[in-house]
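The structure appears right after this line, and notes come after that.
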Amino acid sequence: METMIAKILVPLDGSELAEQILPYAGAFSSALKVPLELYSVDQPGIESLCTPEGGLEDYLAKVRDRLSVKGISTSHHVESGDPAQLIAARAGSDSGTMIAIATHGMSGIQRLFLGSVAYKVIHMAKNPMLLVRPVTEHDKTKSFQLKSVFVPLDGSGLAEKILPFVISLAKSMKMDVVLIRAYTSPAESFVVGDGVLLSGLQRIRDGMRQEIDTYLNGKVEQLQAEGLNQVSAIAVEGEGAEEIIDVARKTPDNLIAMSTHGRSGLERWTLGSVTEKVIHHSGDPVLIIRPT
């Protein structure tokens with residue numbers, strides 16, 4: 001399967017926090033054999049706060065040179081205006097563009113400047129997005145590798161729209177695939193003490209788990225039929241975002257890949273709850289798509 005990504009747009013604001021997206025963007029670029037475009041936006045009235053010494057054009061040229069030494073095809077571009085709107089518009093001109101962006105920016109304060117821009121772009125852009133939550137204590141010498149991709153599914157066709165991306169990326173980047181299904185069982189507090197009702201509830205829970213296992217096993221077989229060998233599945237009982245993050249934390253060097261809509265198909269059902277929580281709290285990079 002050919003990659004569904006033709007170019008990677010990387011918004012930067014001159015900060016080291018924002019640059020923590022670069023190893024991931026570079027790895028995707030090298031594996032998928034697609035170019036990077038470094039992109040900055042001048043914001044009238046706040047240049048003294050955000051513009052690197054020498055200006056954004058000079059800054060991006062230096063970053064481009066660093067990446068070019070590593071054999072990564074890179075261009076750069078600077079525009080002036082509203083960052084979120086310009087990023088979404090530039091990516092939106094080509095559906096094959098993926099936006100790769102850090103969720104914190106210049107100040108390092110959560111959701112300030114580039115951080116707030118990233119969250120606006122998530123809601124505005126139709127393109128795939130790769131998001132990284134940077135840390136202030138960043139070890140630049142640490143080796144970088146993505147070994148596994150964790151894929152949350154809820155049984156809906158919308159959630160499964162991420163699978164073609166996962167197949168392409170897992171093949172290109174040689175990642176293991178782990179499917180995750182988080183679920184909640186019917187509450188049993190109201191039937192404690194009533195043996196008949198409790199027995200019926202247990203049958204419902206057992207049936208739910210069997211249905212989930214059957215579903216996941218089917219998806220594992222589907223991905224294996226696409227040529228992926230290292231595919232497994234996990235069903236966990238609990239709240240979606242917390243369980244996804246907890247499972248991924250148990251192993252290093254992961255990517256989480258998920259759709260921004262889930263079972264209901266209503267806008268922000270997943271993005272407003274599970275996906276946004278994962279983006280907000282996961283230490284792993286997160287790839288999201290907005291399925292049509």
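The values are calculated or read from the model by the stated rules, or taken from the named source; none is laboratory data. Because the structure is predicted, anything quoted here is derived from the model rather than measured. Ideal geometry is used to build each Cβ from the backbone, glycine not excepted, and the neighbour counts take in all protein chains shown.
Of the residues making up the range 206-231, those that are more than 18 Å from Met173 (Cβ to Cβ) and among the small types (Gly, Ala, Ser) are Gly207, Gly218, Ala225. The criterion of being buried (at least 21 other Cβ atoms within 10 Å of the Cβ), at pLDDT 90 or above and more than 21 Å from Arg133 (Cα to Cα) holds for Leu56. Do the conditions hold for Thr214, that is, is it hydroxyl-bearing (Ser, Thr, Tyr), at pLDDT below 90 and surrounded by fewer than 16 Cβ atoms within 10 Å (Cβ to Cβ)? In short, no. For beta carbons closer than 8 Å, sequence separation of 6+ or different chains, a first residue in the range 78-101 that is farther than 18 Å from Pro285 by Cβ and a second that is of a type in the set (Lys, Arg) and part of a loop (DSSP other than H, G, I, E, B), the qualifying pairs are Gly92/Lys126; Ser95/Lys126.
Would you say Gly81 is at pLDDT 90 or above and not aliphatic (A, V, I, L, M)? Yes: the conditions hold for Gly81.
Going by the structure shown, is Tyr39 surrounded by 12 or more Cβ atoms within 10 Å (Cβ to Cβ), at pLDDT below 95, outside the structural domain of Val274 (by TED's automatic domain parsing) and not polar (S, T, N, Q)?
Working: surrounded by 12 or more Cβ atoms within 10 Å (Cβ to Cβ): yes; at pLDDT below 95: no; outside the structural domain of Val274 (by TED's automatic domain parsing): yes; not polar (S, T, N, Q): yes.
Against the criterion (surrounded by 12 or more Cβ atoms within 10 Å (Cβ to Cβ), at pLDDT below 95, outside the structural domain of Val274 (by TED's automatic domain parsing) and not polar (S, T, N, Q)), Tyr39 does not qualify.
Any residue at all in the range 47-65 that's over 21 Å from Ile5 (Cα atoms), outside any helix (DSSP H, G or I) and within 27 Å of the chain's Cα centre (by Cα)?
No, the conditions are met nowhere in the range 47-65.
State yes or no: is Met98 at pLDDT 95 or above and either within 19 Å of Leu36 (Cβ to Cβ) or out of contact with any Cys (no Cβ under 6 Å at 6 or more places or on another chain) (or both)? Considered against the rule, which asks whether it is at pLDDT 95 or above and either within 19 Å of Leu36 (Cβ to Cβ) or out of contact with any Cys (no Cβ under 6 Å at 6 or more places or on another chain) (or both), Met98 comes out as yes.
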